[in-house]
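Let me begin by presenting the structure, written as structure tokens, before commenting on it.
The values are calculated or read from the model by the stated rules, or taken from the named source; none is laboratory data. If you're wondering where the values come from, they're calculated on a predicted model, not measured in any experiment. Heads up, the Cβs are rebuilt from the backbone with ideal geometry, glycines too, and the neighbour counts pull from every protein chain shown.
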Amino acid sequence: MIESPRIRELCHRMTAIEGRVDNLRSAWGASSTHVEWSGVRGIPVARALVAYHRPEDREAALERLLLQACALLEQWIEHHLLSSPWWFVITRSPKDFPGKFVGRRWLSTGREHLAIVNDPVVGDSLTSVREQVPELLFCERVRRGANNDPVIVETWIK
């Protein structure tokens with residue numbers, strides 16, 4: 001089956017979301033009971049399911065399945081993010097985005113490290129990054145530490 005740009009876009013989105021789920025699982029430990037995830041990848045399953053549809057209906061069915069799977073995974077991620085403490089760190093001109101302000105959400109796992117759990121929020125100014133993350137209204141800003149990396153502008157905790 002030749003796939004349309006929309007299906008390729010959904011497959012890319014699904015792969016990115018599954019990567020976020022993997023980040024959460026590794027943050028808590030793969031054997032953690034806090035996070036249940038079968039590890040089954042949605043794209044091969046969706047393609048296998050639509051194989052039983054009439055050829056003219058397969059693309060529409062695949063799009064529906066991928067949209068539903070993406071929505072369910074995003075709900076699952078948000079549930080775990082809301083039930084765990086997290087940090088939002090805004091940096092100026094990090095190596096991967098020179099000249100930009102970048103915000104990343106880090107999940108506090110109770111271990112010695114934190115795990116990045118979202119795609120970066122990128123903007124031309126500190127204000128533009130803050131405006132893209134409305135949850136900061138419910139967070140507390142943490143004072144910048146003397147030992148922080150120089151690219152760190154500010155940190156917020158929920």
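May I ask you to say which residue of 102, 129, 50 is surrounded by 13 or more Cβ atoms within 10 Å (Cβ to Cβ), aliphatic (A, V, I, L, M) and modelled with pLDDT under 85?
It is 50.
Kindly list, by first and then second residue, each pair from a residue in the stretch 92-105 that is under 12 Å from residue 125 (Cβ atoms) and assigned by TED's automatic domain parsing to the domain that holds residue 133 to a residue that is among the hydroxyl-bearing types (Ser, Thr, Tyr) and assigned to a loop (DSSP other than H, G, I, E, B), limited to pairs with Cβ atoms under 9 Å and residues at least 6 apart or on different chains.
From residues that are under 12 Å from residue 125 (Cβ atoms) and assigned by TED's automatic domain parsing to the domain that holds residue 133, the pairs are 99/93; 100/93; 101/93; 101/125; 102/93.
If you take the residues in the stretch 132-158 that are within 10 Å of residue 103 (Cα to Cα) and either among the hydroxyl-bearing types (Ser, Thr, Tyr) or exposed (fewer than 13 other Cβ atoms within 10 Å of the Cβ) (or both), which one is nearest to the chain's Cα centre (by Cα)?
Within the stretch 132-158, the match that is nearest to the chain's Cα centre (by Cα) is 132.
When you scan the stretch 24-34, do you find a residue that is closer than 15 Å to residue 70 by Cα, surrounded by 13 or more Cβ atoms within 10 Å (Cβ to Cβ), assigned by TED's automatic domain parsing to the domain that holds residue 66 and at pLDDT below 70, even just one? Can you show your working first?
Applying the first criterion (closer than 15 Å to residue 70 by Cα) to the stretch 24-34 yields none.
There is no residue in the stretch 24-34 that is closer than 15 Å to residue 70 by Cα, surrounded by 13 or more Cβ atoms within 10 Å (Cβ to Cβ), assigned by TED's automatic domain parsing to the domain that holds residue 66 and at pLDDT below 70.
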